[in-house]
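The values are calculated or read from the model by the stated rules, or taken from the named source; none is laboratory data. Remember, it's a predicted structure, so these values are computed and weren't measured experimentally. Don't worry about glycine lacking a Cβ; one is built from the backbone with ideal geometry, like all the others, and counts go over all protein chains shown.
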Amino acid sequence: MCLWFPEWALQRQNTSRPADRSQSLVVYAPGGGGKMRVIACSSGARERGVLPGMLLAEAQSLWPASARGVVRFELHDPFADRQALRDLAVWCQQFSPLVGLDTADTPDCLLLDATGVGDEEEFAENAVDALERRGCRVMSALADTIGAAWGVARYGMLKRPATGGSRVWIVPFGKQVEVLRPLPVEALRLAEGIVSTLHELNVFRVDQLLALPRSGLVSRFGVELLSCIDRAFGALPEMLKPERIVEPLEATWDFEYPIADGRLLAEVIEHLLDWLLAKMVLDYEGVQRLVCTLRPVHHEPISFLVELLRPTALKRNLMELVRLKLERLKLPAEVEALTVRVAVVAPLEFHQDEMFGGGEMDGGENAARELVERLSNRLGEKSVLRPCRQPEAQPEFAYSYEPWMNAPSFPSSAAPRLTDLFRPTLLKNRPVPILVSTVLDGSPRQMHWREQHPLVKQSWGPERIETGWWRGDDIRRDYYVVEIENGERFWVFRNLVDQSWFLHGVFG
């Protein structure tokens, strides 16, 4: 049986924050050219004019600033989506002992083994009914093969189920070929490149594809296309990989006699960490958040949190941060027991070694990350901040500060996007007035600043920025990136109100 959750990224956000369901919700992610684009939106947002694929800035402009409380913009988190679906798979084991996720890079459906469940229709209806009570919107199908159930759940709405008012399409035994024939070729779980090529050949339905000779399909598409067809029709077996119930990763130590020595507490925590990390090593997972709870005699338990920017399975790194926490901890009495719990786990990151060194993981990034982790755990996460961009046209307001530990990942040294090349690495606190000589088209020709008069070798622009009417004075500027004779680059603008020039940024 296949349970498909349309727009799972949107559903996951709604079910995790039920109090905000009255808000319109827009989920966005980086798209082509590095620009943020909408990938899913609620019905309220659609009524406002938002559509998947739309630029985020365009979607945000559909709500006035005073009405932003009625809409929520959320960055897509594929890892959280997958984890929520895995949790839902474990919950669904009350209906079937074997429940797994589909094999897509971004899964959005669950697969349930219905072998030996008795009345299949009652089984399927009970599962759908329970999921709808949890606030999920689900499309479902039950068939002899995973491929057939997957395709019918997604594209079977083109026809009604054979069973009267059932919300589940139950494909009769051995009838998967007959049911799949009128459906789009996408119902066979084909790669996007294969689907695009088939559409170019005017092949849109499964029956049109089956009319073509198999030998020709192999020479044109390779064995992948035929494998998808055969798995859907049952000619090739396909295994379901079930999700297993994950036991809580925690360990407790009860002291025979209460203690207050911080060194002994650290040694016990280290011993418990050894045991916990040994359980995680086979899954190639690491600790990203650790919670240590101490129980002082006749007092309430005291907990402290250890957070990391990237998951680790190294006991040495974790114990450094634990000792920093213990040094600042004031105990009201001796400790009679302690518990260590791994609150958040994540897949470990692996990087290939470089023969001559000098790579991005060659020490500099690791050292910076470890420094941020130490400072955040010692001083508090709100004491270590990083700048982040805001969707704001006016440069003075295009950033804010957030805790480093809230960052989804440590910044990598990836190549800058094209838009980054036209933003300076250093922004002046206030634009500096300068004199500029221009040519006929208005672009800078010579700059006069700090008793220097360099000629402009080349310039790019103008980029017009007009905003700020809700803040009082209107902002109307034409920005240029200018390069002078010695190769230095500056970000300058002309105030269109009084035609004065300002230096606003310097490129590193």
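The table below gives the values:
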item	result
Test for ALA251: is it closer than 26 Å to SER376 by Cα, of a type outside the set (Val, Ile, Thr) and crowded, with 17+ Cβ neighbours inside 10 Å	yes
From the options GLY69, GLY44, GLY33, residue that is touching a Ser or Thr at 6+ places or on another chain (Cβ under 7 Å), at pLDDT below 90 and part of a helix (DSSP H, G or I)	GLY44
Pick from the range 228-248, criterion within 34 Å of the chain's Cα centre (by Cα), in a loop (DSSP other than H, G, I, E, B) and not aliphatic (A, V, I, L, M), ranking: surrounded by the most Cβ atoms within 10 Å (Cβ to Cβ)	GLU243
Among residues of the range 426-444, those that are surrounded by 15 or more Cβ atoms within 10 Å (Cβ to Cβ) and farther than 13 Å from ARG494 by Cα, counted	2
Subset of the range 158-188 that is more than 12 Å from ALA141 (Cα to Cα), charged (D, E, K, R) and assigned to a loop (DSSP other than H, G, I, E, B) - its residue that is modelled with the lowest pLDDT	LYS159
Total residues in the range 430-455, condition modelled with pLDDT of 85 or more and closer than 19 Å to GLY508 by Cβ	4
Residue within the range 250-273 that is more than 27 Å from the chain's Cα centre (by Cα), assigned to a helix (DSSP H, G or I) and modelled with pLDDT under 90 present	yes
Out of LEU276, LEU272, LEU198, LEU225, sole residue that is touching a residue at least 24 places away in the same chain (Cβ under 8 Å), surrounded by 12 or more Cβ atoms within 10 Å (Cβ to Cβ) and in contact with a helix residue (DSSP H, G or I) (Cβ under 6 Å, 6 or more places away or on another chain)	LEU225
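Okay, residues lined up against (1) surrounded by fewer than 16 Cβ atoms within 10 Å (Cβ to Cβ); (2) at pLDDT below 90; (3) out of contact with any strand residue (DSSP E or B) (no Cβ under 6 Å at 6 or more places or on another chain); (4) within 30 Å of HIS76 (Cβ to Cβ):
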site: TRP460; (1), (2), (3), (4): yes, yes, no, no
site: THR467; (1), (2), (3), (4): yes, yes, no, yes
site: ASP473; (1), (2), (3), (4): yes, yes, yes, no
site: ARG489; (1), (2), (3), (4): no, no, no, no
